[in-house]
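Taking it in order: structure first as structure tokens, then the write-up.
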Amino acid sequence: MQTVVDERAARSPWSIRKTVILVAALFGLGISTYLTIAHYDTHVVLACAENGVINCGKVTTSAESKVFGIPVAVLGLAFFIAMVALSVPPAWRARTIRVAQIRLASAIIGIGFVFYLVYSELFTIRAICLWCSAVHVLTFVLFVTIVTGWDEATDAVAYED
């Protein structure tokens, strides 16, 4: 089994794309942490208007706020912990394509989940949570940035022949 590595790509500088992915993942981690704390601590009230269509309390306490008994906030927290771990410099320097594949698969699962949650907010709950929307936007940014940067993400990895 022979391993081929493009040394030029391995030395490529840190890119804007990698920075966007890491920053989006960190912001998502922060918001998801806040939503998880608010879910479990009844003394924490979400800073969000609760009138009409914008109603974070209605969204975060709805039946759709849990999937298989797991709070959506906890799922978001797990997603963003993983995305941060997959987006730090050592992960980008990994000499295996597996890290890039896991990052891509996570982004695809994340955006699929966002579609489900947005549908639920609009058509089932009939309310929008601004914090949740921020998480949805960040997940979309991660998805687009990761998918459109697939070539860059795999340039410096080792390929098994």
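Things to note:
- On the stretch given as the stretch 62-85, residues that are on the phi < 0 side of the Ramachandran plot, without any contact (Cβ under 8 Å) to a residue 24 or more places away in the chain and of a type outside the set (G, A, S) total 3.
- Remark: pairs (first residue in the stretch 120-136, within 17 Å of L77 (Cβ to Cβ); second residue β-branched (V, I, T); Cβ separation under 7 Å; 6+ apart in sequence or on different chains) = C129/V59; C129/T60; W131/I31; C132/V59; A134/I31; V135/I31; H136/V114; H136/V118.
- A single entry from V118, V84, V99 fulfils the requirement of being among the β-branched types (V, I, T) and closer than 13 Å to G28 by Cα: V84.
- Any hit, the stretch 108-129, residues being in a helix (DSSP H, G or I), over 29 Å from A47 (Cβ atoms) and out of contact with any Ser or Thr (no Cβ under 8 Å at 6 or more places or on another chain): yes
- Here the condition is being surrounded by 16 or more Cβ atoms within 10 Å (Cβ to Cβ) and at pLDDT below 95; of V72, V84, V157, V135, it holds for V157 alone.
- Restricting attention to the stretch 1-54, the residues being part of a loop (DSSP other than H, G, I, E, B), modelled with pLDDT of 85 or more and closer than 21 Å to V144 by Cα number 1.
- Hits in the stretch 64-104 (condition: over 20 Å from V114 (Cβ atoms) and either in contact with a Gly (Cβ under 8 Å, 6 or more places away or on another chain) or outside any helix (DSSP H, G or I) (or both)): G69, V88, R93, A94, R95, T96
- Selection status of R126, charged (D, E, K, R), more than 14 Å from the chain's Cα centre (by Cα), surrounded by fewer than 20 Cβ atoms within 10 Å (Cβ to Cβ) and on the phi < 0 side of the Ramachandran plot: no
The values are calculated or read from the model by the stated rules, or taken from the named source; none is laboratory data. All values derive from a computational prediction rather than experimental measurement. All Cβ positions, even for glycine, are placed from backbone atoms using ideal geometry, and neighbour counts span all protein chains on display.
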